[in-house]
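A short worksheet on the structure shown next.
Please treat every number below as a calculation from the coordinates, not as lab data. What you see is a predicted model, and the numbers here were worked out from it, not measured in a lab. Here the Cβ positions follow ideal geometry from the backbone for every residue, glycine too, while neighbour counts run over all protein chains shown.
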Amino acid sequence: MKPLQKRVIVNGLMNVLSGAAALLVILPLVLVFGFLVYQGGSSLNLAFFTQMPKPVGEAGGGMANAIVGTLILIGLACCVGLPIGILGGLYLAESRDPRLPWVVRFLADVLNGVPSIVIGIFAYTLVVLPMRRFSALAGGVALGVIMIPIVLRTTEEIVRLVPASLREAGLALGLPNWKVTVRIVLVTARAGIVTGVMVAIARIAGETAPLLFTAFGNRFWHSRLDQPIAALALQVFAYAISPFDDWHRQAWAGALVLISMVFLVSLAARLATSGLQRRTR
Amino acid sequence: MIGVDANRGGSAHGAPLPRAFFLTPRGSLWGDRIFQGIVYAAVGLFALVMTGIVFALVVESMPAIRRFGLSFVTGQEWDPVKEAFGALPFIYGTLLSSLVGMAIAVPLGIGAAIYLAELAPFWARAPIGFLIELLAAVPSVVYGLWGIFVLAPFLRNWVEPLLGGTLGFLPLFQGPPYGVGMLAAGLILSIMTVPFIATVSREVLLAVPNTQREAALALGATRWETTWIAVLRYGRSGLVGAVLLGLGRALGETMAVTMVIGNRPEIAVSLFAPGYTMASVLANEFTEATSDVYLSALVYVGLLLLAVTVMVNSAARLLVWTVGGSVKGIRE
């Protein structure tokens with residue numbers, strides 16, 4: 001075989017191999033999603049969204065409390081994560097200090113890699129121990145801390161993209177710096193920041209580990225925010241490891257709802273980004 | 001400090017910015033001062049959270065550290081009733097399951113990244129990239145559910161008997177096929193980490209300057225040779241960083257692993273045997289910890305887990321950043 005022939009063959013072979021790798025990577029998505037639709041679709045009905053969990057042995061029932069609980073937890077997490085994330089990102093993008101931003105950026109990236117269950121322990125010692133009970137608040141704090149690095153880094157990147165001329169225009173009109181930042185820079189970067197927030201929400205919506213010993217889960221409606229609260233992901237976990245077929249079916253339905261929520265939010269974030277890119281281009 | 005540099009413009013990262021920033025109070029504008037204060041408060045709060053995480057874990061695990069010291073890491077017995085706590089089975093389980101996961105995920109992830117960044121036809125790149133990102137967004141508990149009811153039975157009925165029959169002479173593939181166990185945990189971990197490895201590697205490869213490729217192509221290299229000689233070698237440290245980021249994920253992954261690993265604190269060589277990981281023991285036993293020492297020992301496990309993942313992630317960040325001064329927008 002001529003050397004050139006061999007090289008062309010190797011080239012083709014690697015093409016096929018790397019393509020196969022890409023296909024194999026996507027395969028689980030098809031398998032997981034297929035089973036979710038197949039198993040979860042059949043147990044999904046209106047009652048699932050409107051009713052409470054039924055005791056073992058009684059068929060039917062739903063996860064209304066868990067769906068609402070997840071939404072409340074996301075809201076609480078936003079109260080914790082958004083101010084710190086957005087203001088911190090603003091700081092990273094605008095600070096002229098040579099060292100401190102580097103440290104903050106590095107810490108944010110490290111925090112992004114901290115296992116969520118460890119953040120759960122943090123929220124446990126910070127909120128659960130002093131209050132002496134599991135609570136929605138503790139769950140919100142845990143999820144909020146997980147949001148911070150994601151929001152912080154996307155905000156930073158987006159704020160950097162705001163054209164300098166816009167800032168200069170505001171300053172030329174005599175606006176104070178803070179007004180330029182709040183009314184011009186943040187408003188211009190709005191769409192991008194919202195995207196970052198949605199990515200963060202997609203991530204925390206399915207988080208289970210940090211909620212195990214903070215929000216704890218609840219089979220009933222929560223009464224106050226300092227009480228344990230149900231969450232969809234927690235309920236799916238509890239039902240999945242239970243020995244009852246009825247509950248397994250509910251777990252599949254819950255997982256289908258959960259993944260649909262996460263995918264919709266991710267998709268919205270994706271569309272917002274592509275719209276943003278078109279506009280800035 | 002900030003005021004001094006503020007008028008220079010330009011920074012280590014990104015394009016030069018205009019002169020005025022909210023962080024430079026002009027004259028006696030109180031609004032600027034107040035806003036500056038708010039921003040600094042947010043950054044301070046963030047720093048407080050970071051130190052708080054470390055502080056909380058150290059304080060809570062102090063009783064266990066005092067009582068067991070470093071022998072905690074080598075102790076093999078985990079018996080809450082006797083208050084004997086050794087974390088070795090969990091450390092072993094975390095390392096082995098992550099190792100199995102990485103053995104599968106690394107070649108697949110980097111292969112997929114090469115395909116997406118270098119070899120795939122242009123129309124296919126965005127959709128495949130998007131699907132891989134979706135895969136990264138699937139919640140852990142959903143993978144766990146799928147693992148319990150689809151993957152584990154499949155392994156028990158098909159894969160493990162087959163592996164046991166053909167490769168059974170290796171200690172890795174001996175023992176009864178349970179389905180749940182190290183192999184299932186490793187497979188789930190590979191599925192969960194591969195999207196991270198693939199997307200970060202793709203970003204690294206895309207950050208390699210085009211002049212590298214053009215030079216190799218101009219010398220008559222094929223596309224693959226270009227990739228191998230000019231792109232992969234250039235992005236080497238970034239790729240190692242991507243793998244380490246994936247490893248960090250695998251080490252700390254909790255729910256899916258907890259659901260398929262079998263949760264038995266024993267050290268077994270066989271991949272078919274059930275095991276336990278540091279993260280799953282926290283998930284399973286934290287709310288059940290009845291005594292202070294028990295809880296403290298669990299937090300100690302959490303502290304070890306934190307230390308390992310922080311080290312792996314810091315190394316990963318530094319490596320990715322070395323390729324990337326130019327690589328922006330690498331996010332997990």
**Q.** Whole-Hz couplings from phi, Karplus 6.51/-1.76/1.60, listed for the stretch B:196-202; x for Gly and Pro
**A.** 5, 4, 5, 6, 5, 4, 4
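When you look at the Cβ of every residue in A:9-18, what mean number of other chain Cβ atoms sits within 10 Å? Present the calculation step by step, with values, prior to reporting the outcome.
On the way: counts 1, 4, 9, 3, 1, 11, 9, 2, 6, 14.
Neighbouring Cβ atoms belonging to other protein chains average 6 per residue here.
Hey, fewest Cβ within 10 Å first, where do B:LEU183, A:LEU107 land in order?
Values: B:LEU183 28, A:LEU107 19.
By the 10 Å Cβ count, ascending: A:LEU107, B:LEU183.
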Q) Peptide B:209-215: average number of partner chain Cβ atoms within 10 Å per residue? A) 0
**Q.** Gyration tensor (alpha-carbon) shape descriptor, the protein assembly as shown, a/c threshold 1.5
**A.** oblate
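For B:LEU95, B:LEU244, B:LEU167, A:LEU111, what's the fewest-to-most ordering of other Cβ within 10 Å of each Cβ?
Fewest to most other Cβ atoms nearby, the residues stand as B:LEU167, B:LEU95, A:LEU111, B:LEU244.
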Q: Please average, across the residues of A:80-91, the number of beta carbons from any other chain that are within 10 Å of each residue's own beta carbon, and give a whole number.
A: 4
Q | Three-way shape call for chain B based on the alpha-carbon gyration tensor, with the a/c threshold at 1.5 | A | oblate
Q. Say we join alpha carbon atoms closer than 10 Å with springs in a Gaussian network model of chain A; which of A:ILE146, A:ILE184, A:ILE84 then has the biggest fluctuation?
A. A:ILE184
Q) Build a GNM of chain A with springs between Cα atoms under 10 Å: which of A:LEU92, A:LEU143, A:LEU175 gets the top mean-square fluctuation? A) A:LEU175
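Rounded to the nearest 0.05, what FRET efficiency is calculated for A:LEU46 and B:ILE65 with R0 set to 60 Å and r the Cβ-Cβ distance?
Details: r = 53 Å, r/R0 = 0.88.
So, using R0 = 60 Å, E works out to roughly 0.70.
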Q | GNM flexibility winner over chain B from B:VAL43, B:VAL204, B:VAL281 (Cα, springs under 10 Å) | A | B:VAL43
Q) Residue by residue through the stretch A:142-151, which ³J(HN,Hα) values in whole Hz follow from phi under the Karplus form 6.51 cos²θ - 1.76 cosθ + 1.60 (θ = phi - 60°), with glycine and proline marked x? A) 4, 5, x, 4, 5, 5, 3, x, 5, 5
Q: Mind giving me the nanometre distance, one decimal, between the label points for B:THR290 and A:LEU264, set 7 Å out from Cα along Cα→Cβ?
A: 4.5
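How would A:TRP178, A:TRP221 line up from fewest to most surrounding beta-carbon atoms within 10 angstrom? Spell out each step's value before the answer.
On the way: A:TRP178 22, A:TRP221 13.
With the sparsest Cβ surroundings first, the list reads A:TRP221, A:TRP178.
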Q.
Taking the alpha-carbon distance from B:LYS82 and a cut-off under 18 Å, which aspartates and glutamates remain once sequence neighbours fewer than 8 residues away in the same chain are dropped?
A. B:GLU266, B:GLU285, B:GLU288, B:ASP292
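Can you classify chain A as rounded, prolate or oblate using the Cα gyration tensor, where a ≥ b ≥ c are the square roots of its eigenvalues, rounded means a/c under 1.5, and otherwise it's prolate if a/b beats b/c and oblate if not?
Values: a/c = 2.07, a/b = 1.17, b/c = 1.78.
In terms of gyration-tensor shape, oblate.
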